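Worksheet: the structure to be examined is printed underneath.
The values are calculated or read from the model by the stated rules, or taken from the named source; none is laboratory data. In this text the structure is predicted, and so the values were computed from the model without any measurement. Positions of Cβ are backbone-derived with ideal geometry, glycine not excepted, and every protein chain shown enters the neighbour counts. In case anyone asks, the SASA skips ligands and DNA or RNA and just uses the protein heavy atoms, side chains included. Shrake-Rupley method; radii C 1.70, N 1.55, O 1.52, S 1.80 Å.
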Amino acid sequence: MFSFFAKRYRRRFEKKGFEASQKQLMAGLRQAGFRHATVLEIGSGVGYLHHTLLQEGAKSAMGVELSARMLEEARIWAQEKGLAERTRYIEGDFLAIADEIPPAEVVVMDKVVCCYPDAEGLVKAAVARSGRVLALTYPRDRWITRAGEVLGTILLKLIGSDFRPYVHDPEAIEEWICNAGFRKQFQDQTFIWLTQIYIKA
């Protein structure tokens, strides 16, 4: 499903830029600091988020993404931007290959937690790869997002997709991260999304 939308994601960003939640994510990352840092973006899509971090001073970036078409677009775009030598891409399910992924100073998950039934496993694996900063956006736990979860599941089944969205408990997510030695430095939200930045204590 995500491969089908790969080119559309790129065109949308070129036309409109970051979504509101991504603007919040970037604001939190700038506050936390990422200059000269290594970046790992889990669920990196077509790459515009970590490309921006590189353009603003990050040292290098690795993108892990399940969709081959997304990675193809990310590589082409990185080449066009002169970032190819500072990027590396790995195709696969991050949770399945987490032990093979090298750690980075900054780990980013933008709208990824909502793609996994095992949120605890995903979050803990991401925390284990982060040397200093963990940044993530995921759905707020509200009746409207729960309703969207149910409706989205029904619609996806009707079109023959086995993908399913998930709404997870923000309190549990924060507990998993803080228990690993991180503290929350930044939080913001939109109508749907919660944005959080954690710093290693």
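What about Gly28, is it closer than 21 Å to Pro165 by Cα, outside any strand (DSSP E or B) and of a type in the set (Gly, Ala, Ser)?
Details: closer than 21 Å to Pro165 by Cα: no; outside any strand (DSSP E or B): yes; of a type in the set (Gly, Ala, Ser): yes.
Criteria not met by Gly28.
Within the stretch 82-94, which residues are in a helix (DSSP H, G or I) and either in contact with a helix residue (DSSP H, G or I) (Cβ under 7 Å, 6 or more places away or on another chain) or surrounded by 13 or more Cβ atoms within 10 Å (Cβ to Cβ) (or both)? Full working, then the answer.
As a first pass, look at the stretch 82-94 and keep what is in a helix (DSSP H, G or I): 84-86, 94.
Hits for the stretch 82-94 are Ala84, Arg86, Phe94.
Of all the residues that make up the stretch 41-57, how many are in a helix (DSSP H, G or I), farther than 20 Å from Ala128 by Cα and not hydroxyl-bearing (Ser, Thr, Tyr)? Full working, then the answer.
Taking the stretch 41-57 and keeping what is in a helix (DSSP H, G or I), we get 48-55.
Next cut, farther than 20 Å from Ala128 by Cα only: 48-49, 51-55.
When the remaining residues are screened for being not hydroxyl-bearing (Ser, Thr, Tyr), the result is 49, 51, 53-55.
So the count comes out to 5.
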Open item on the list: Tell me yes or no: at least one residue of the stretch 58-70 is touching a residue at least 40 places away in the same chain (Cβ under 8 Å), open to solvent by 30 Å² or more (accessible area, probe 1.4 Å) and outside any helix (DSSP H, G or I).
Closed with: yes
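Can you give me the ranges of the helices (runs of 4 or more DSSP H) entirely in the stretch 95-201 with at least 1 residues that are closer than 22 Å to Tyr48 by Cβ and either at pLDDT below 90 or touching a strand residue (DSSP E or B) at 6+ places or on another chain (Cβ under 7 Å) (or both)? First the steps, then the outcome.
Details: elements: 119-129, 143-158, 170-178.
By residue number, 119-129.
Based on what the data block shows, is Ala78 surrounded by fewer than 20 Cβ atoms within 10 Å (Cβ to Cβ) and over 14 Å from the mean Cα position of the chain (by Cα)? It would help to see each step written out before you state the result.
Values: surrounded by fewer than 20 Cβ atoms within 10 Å (Cβ to Cβ): no; over 14 Å from the mean Cα position of the chain (by Cα): yes.
Considered against the rule, which asks whether it is surrounded by fewer than 20 Cβ atoms within 10 Å (Cβ to Cβ) and over 14 Å from the mean Cα position of the chain (by Cα), Ala78 comes out as no.
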- [ ] Filter the stretch 22-40 down to the residues that are among the polar types (S, T, N, Q) and over 17 Å from Ala104 (Cα atoms), then identify the one that is surrounded by the fewest Cβ atoms within 10 Å (Cβ to Cβ).
- [x] Gln31
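Looking at Glu100, Glu73, can you tell me which residue is on the phi < 0 side of the Ramachandran plot, open to solvent by 20 Å² or more (accessible area, probe 1.4 Å) and acidic (Asp, Glu)? Even if it seems obvious, please write down each step before you answer.
On the way: Glu73 fails: open to solvent by 20 Å² or more (accessible area, probe 1.4 Å).
That would be Glu100, the only listed residue that is on the phi < 0 side of the Ramachandran plot, open to solvent by 20 Å² or more (accessible area, probe 1.4 Å) and acidic (Asp, Glu).
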Open item on the list: Criterion first (open to solvent by less than 30 Å² (accessible area, probe 1.4 Å), more than 24 Å from Ala125 (Cα to Cα), among the small types (Gly, Ala, Ser) and at pLDDT 95 or above) does Ala6 satisfy it?
Closed with: no
